[in-house]
Amino acid sequence: MSYPKISIVVPLYNVEKHITPCISSIITQDYPDFEVIIVDDGSSDNSKSICERVLSNSSVEYKMISRNNKGVSASRNDGINAATGEYVCFVDADDIIDVQYLSKLYRAINKSDSSSVVFSSYNLIYKNTKKQQRWINETNKLNKKNVLWAFLNRDCKFIITAMMVNRKHIMDNKIYFDEDCRYSEDIIYIWKILCSSKDIRFIDEPLYNYIIHPGSTMTSSNYNKIVTCRDAIIRLFDDYISKVDNMETFQKSFLPRYFFAIMHSAAKLLNYNDFRLLSQELDIKTIFRLKSDKLRRKQSFLIKLYYINFWIFYLILRWK
């Protein structure tokens, strides 16, 4: 039986403390045909040399791309353009994948010729705790309308690294990461994939280990990063969300809900003054006034509170 090649794109930037377990988990995959594309984004430590040493001592096909520092989105785009596989996966350099990560994702996406993407559940690891992120009790083709609503409501939390995408689908639809965006760029990319796909599949198995390290992007994002997401989200809406057929209520709800989620996350990361400044820069006052018939009761209450008492709004989001 022949297997199509799969490309694994790994952005690299100053992760010498974590890169060896990541690369080791990649080269021990039980899938027979894959390539590893390392995109070094101007690392100043030994990350690149560690990768080269581990990969050169394996039988795995690999490419090393070096570039000046432009961020993870530009690195992933370089990886997409360098990929020769029929399918593409993204792995972060400080995480670990299951030995059957590729084989199980491929088995699921190969069930139909129309399949363009498959997601899996994953383990979220922080300090000494591990929690499986799961929300669907089956492995099957998903209803697109239900998936879009569930992802918007954060009832399902897909991540870019627990995903396999058909490369032809990426290239035909020109689905690239927004290089001007430095916050929520992964989520924006997933939205592009979901909106452009007809056949979306899911595996209820934790094939990816998402490890939160102290000082990681998830724990260290600041005002300057978060503010870059505004224009990217508006572009996402104009180019993808607004073009989904027969989902007018979803489209009306999208911007208020998405920006509410941004503010919810930002409240946990920013001090009050930066949070207020972010609200002004993102023009949250205008966005929250957009009509949405599908806001949940708590969201509706908090949005009203935003106009009545911004300080209390901040405190509730920060500790909620």
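The values are calculated or read from the model by the stated rules, or taken from the named source; none is laboratory data. All of these numbers come straight from a predicted model, not from anything done at the bench. Here the Cβ is made from the backbone with ideal geometry for all residues, glycine too, and neighbour counts use every protein chain on show. Just the protein is used for accessible areas: all its heavy atoms, side chains included, with ligands, DNA and RNA removed. Shrake-Rupley method; radii C 1.70, N 1.55, O 1.52, S 1.80 Å.
Give the aspartates and glutamates whose C-alpha is closer than 13 Å to that of K70, dropping any in the same chain fewer than 8 places away, or say none. Partners found: D40, D41, D78, D178, E179, D180. Per the Debye calculation on the chain with a single equal scatterer at every Cα and no solvent contribution, log₁₀ I(q)/I(0) for q = 0.06, 0.13 Å⁻¹ amounts to -0.21, -1.00. When a 1.4 Å probe is rolled over the protein heavy atoms, the share of accessible surface on the stretch 146-301 that falls to carbon and sulfur comes to 45 percent. Mark the label point 7 Å from the Cα of T28 along Cα→Cβ and return the residues of the stretch 176-209 whose backbone N is within less than 19 Å of it. Answer for this model: 206-209. Each label was represented as a point 7 Å from its Cα along the Cα-to-Cβ direction; for Y176 and N81 these points are 0.6 nm apart.
Overall, the ratio between the Cα radius of gyration of the stretch 246-306 and 2.2 N^0.38 Å, rounded to two decimals, is 1.14. Considering only C22, M263, I188, and ranking their Cα positions along the charge dipole of the chain that arises from unit charges at the beta-carbon of Lys, Arg, Asp and Glu, the one farthest toward the positive end is M263. Pick from T129, T28, T161: which is most flexible by mean-square fluctuation in a GNM of the chain where alpha carbon atoms under 10 Å apart are linked? Evaluated over the chain, the most mobile residue of the options is T129. Could you pull out every whole DSSP H run in the chain that spans at least 18 Å of Cα extent along its own axis and averages -0.5 or higher on the Kyte-Doolittle scale? Sorted by number, the helices that extend far enough and score high enough are 248-269. Taking the DSSP bridge list for the chain and keeping only pairs wholly inside it, about 35 percent are antiparallel. Summarising the amide proton neighbourhood of I96: residues at separation of 5 or more, or on other chains, whose placed amide H is nearer than 5 Å comprise N209, I211.
Here the accessible area is traced with a 1.4 Å probe on the protein chains. For the stretch 1-94, carbon and sulfur cover 45 percent of it.
R0 = 41 Å: FRET efficiency of R134 with S44, Cβ-based, nearest 0.05? It would help to have the intermediate numbers written out before the result.
On the way: r = 38 Å, r/R0 = 0.93.
It comes out at approximately 0.60.
Taking the inverse of the mean 1/r over every pair of distinct Cα atoms in the stretch 140-253 gives a Kirkwood hydrodynamic radius of 15.5 Å. Rg then Dmax, both in Å and based on the Cα atoms of the stretch 43-126: 15.1, 44.
Where only protein heavy atoms count, and the probe is 1.4 Å, what is the accessible area per residue for the chain in Å²?
48 Å²
Just the ratio, please: alpha-carbon radius of gyration of the stretch 1-46 over 2.2 N^0.38 Å, N its number of residues.
Here the Cα radius of gyration is 1.34 times the empirical estimate.
A straight Cα-to-Cα reach below 22 Å connects K304 with the lysines K252, K268, K285, K291, K294, K320, residues fewer than 8 places away in its own chain not being considered. For the listed residue pairs K111/K198; K157/K298; K130/K192, the alpha carbons are over 21 angstrom apart in K130/K192. Computed about its Cα centre, the charge dipole of the chain is approximately 1540 debye, with only Lys, Arg, Asp and Glu carrying charge at their Cβ.
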